[in-house]
Amino acid sequence: MKPRRAPPLPHIDPARCTGCGWCVAVCPPHVLSLLPQPDHTKTSVLHDVGGCTGCSLCETRCPFQAITMRAATPQPGPVVPGPGPSLGTTA
């Protein structure tokens, strides 16, 4: 059985995003939100990558074509240090 492919994820172009919130409003799993910027504007962000279903309603609804769906790229997992070499022993 082939592993299931990750759904495409929304890529938000901050130069085109006006912070209107239409994408946030249509997102069924509620994984998009508006992030306040230092200049008092807002920009849409994907705050829950794992919860995104890849439905692309956000891309369809955006009146400024600021969202494109792109293949998910694997993210490196957390680095967990191993036990390391034992001190005071010889091989």
Let me spell it out: the conditions are (1) at pLDDT 95 or above; (2) surrounded by fewer than 15 Cβ atoms within 10 Å (Cβ to Cβ); (3) within 20 Å of Arg5 (Cα to Cα), and Cys55 meets all of them except one. Which number is the exception?
(2)
Give me the pairs: first residue in segment 46-75 and closer than 18 Å to Trp22 by Cβ and without any contact (Cβ under 8 Å) to a residue 24 or more places away in the chain, second residue of a type in the set (S, T, N, Q) and part of a strand (DSSP E or B), beta-carbon distance under 6 Å, and six or more apart or on different chains, which are they?
His47/Ser33
Candidate set from segment 65-79 (those that are at pLDDT 95 or above and part of a loop (DSSP other than H, G, I, E, B)); member that is surrounded by the most Cβ atoms within 10 Å (Cβ to Cβ)
Ala66
So which residues in segment 36-64 are within 14 Å of the chain's Cα centre (by Cα) and assigned to a helix (DSSP H, G or I)?
Val49, Gly50, Gly51, Cys58, Glu59
Condition met for Gly82 (modelled with pLDDT under 95 and outside any loop (DSSP other than H, G, I, E, B))
no
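Results for (1) surrounded by 12 or more Cβ atoms within 10 Å (Cβ to Cβ); (2) at pLDDT 95 or above; (3) touching a Lys or Arg at 6+ places or on another chain (Cβ under 8 Å), shown as yes or no for each residue.
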position: Pro3; (1), (2), (3): no, no, no
position: Ile12; (1), (2), (3): yes, yes, no
position: Thr18; (1), (2), (3): yes, yes, no
position: Trp22; (1), (2), (3): yes, yes, yes
position: Val26; (1), (2), (3): yes, yes, yes
position: Pro38; (1), (2), (3): no, no, no
position: Thr41; (1), (2), (3): yes, no, no
position: Ser44; (1), (2), (3): yes, yes, no
position: Gly50; (1), (2), (3): no, no, no
List, please: which pairs have Cβ atoms under 6 Å, are six or more places apart or on different chains, and start with a residue in segment 12-40 that is within 14 Å of Leu57 (Cβ to Cβ) and end with one that is of a type in the set (Phe, Trp, Tyr)?
none
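The values are calculated or read from the model by the stated rules, or taken from the named source; none is laboratory data. Keep in mind it's a predicted model, so treat the numbers as computed, not measured. Cβ atoms come from the backbone with ideal geometry, glycine included; neighbour counts cover every protein chain shown.
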